[in-house]
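Okay, so here's the structure we're looking at.
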Amino acid sequence: MQNRVLLIEDDEELRTLLARYLSGQGFTMREAACGQDGLALAEEYLCDVVVLDIMLPDISGLEVLRQLRARTHLPVVLLTARGDETDRIVGFEVGADDYIPKPCNPRELVARLQALLRRVSWDQKVEPAQVSAVGDLTVEPERRRVLLRGQPLDLTATEFEVLQVLLAHAGSVVRKTDLMQWALGRRLATHDRTLDMHISNLRRKLGEDGQARIETVRGLGYSYRVAS
């Protein structure tokens, strides 16, 4: 079955270009030129991933993302202005899974979408996995859910992948290059802070001791520390 993409972008030329290219790569497309139309389509259209521009004419893409996150865990890739790190940081805090700067290379967007959808697909196709516990965290792979002392954490698809990898190697250092490849499905590029932003969000969602739980090992990567 073709993967279904909802593209929310007000620039008609860019929207048409991306929609045609993605269609040619086997994606089924639905398009919206503003935030409200995008939210309405998200309600009625069964899609697998959302590509969302931050700058929209009616409501901001970040507000669209907030409303999407209030009702769904659909993977969301943001289209952001090149060099605008503030929007990217806020986007990850609100719940984005990935971003790509504009003007974007359609081939790179396809690669990002395929990597994101592949991770979700792998989790859905594997044999039923055993629920595992790491300290006071419980991982339910089939439900793509992590519970902290019995309470579910509100994680995006990518945050779940990152935390799952760290928990699988709890007590050991996971190199940033490996974590990027295993959890996000792509190589770590120079100046790419995507992984750091996801780690920051995970620490915040893990509570007051989140910083101590996920330790930065300078020059190497990250390690999840199980409280004694």
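Observations on the model:
- Remark: pairs (first residue in the stretch 4-24, within 14 Å of GLY38 (Cα to Cα) and modelled with pLDDT of 95 or more; second residue open to solvent by 30 Å² or more (accessible area, probe 1.4 Å) and part of a helix (DSSP H, G or I); Cβ separation under 6 Å; 6+ apart in sequence or on different chains) = GLU9/ARG15.
- Scanning the stretch 163-186 for residues that are assigned to a helix (DSSP H, G or I) and of a type in the set (Val, Ile, Thr), we see that the one that is most open to solvent (accessible area, probe 1.4 Å) is THR177.
- For the stretch 82-93, the set of residues classified as small (Gly, Ala, Ser) and open to solvent by less than 60 Å² (accessible area, probe 1.4 Å) consists of GLY91 only.
- Tally of residues being part of a helix (DSSP H, G or I) and of a type outside the set (Val, Ile, Thr) across the stretch 36-64: 12
- If you check ALA189, ALA227 for being in a loop (DSSP other than H, G, I, E, B), open to solvent by 80 Å² or more (accessible area, probe 1.4 Å), modelled with pLDDT under 85 and not charged (D, E, K, R), only one passes: ALA227.
- Looking only at the stretch 5-36, and only at residues there that are exposed (fewer than 15 other Cβ atoms within 10 Å of the Cβ) and of a type in the set (D, E, K, R), the one that is farthest from LEU62 (Cα to Cα): ARG20
- For the residues LEU41, LEU65, LEU52, LEU79, the requirement of being open to solvent by less than 30 Å² (accessible area, probe 1.4 Å), modelled with pLDDT of 90 or more and over 15 Å from the mean Cα position of the chain (by Cα) singles out LEU41.
The values are calculated or read from the model by the stated rules, or taken from the named source; none is laboratory data. Small disclaimer: the values here were computed from a predicted structure and weren't measured. Every residue, glycine as well, gets a Cβ built from its backbone with ideal geometry; the counts of neighbours run over all protein chains shown. In case anyone asks, the SASA skips ligands and DNA or RNA and just uses the protein heavy atoms, side chains included. Shrake-Rupley method; radii C 1.70, N 1.55, O 1.52, S 1.80 Å.
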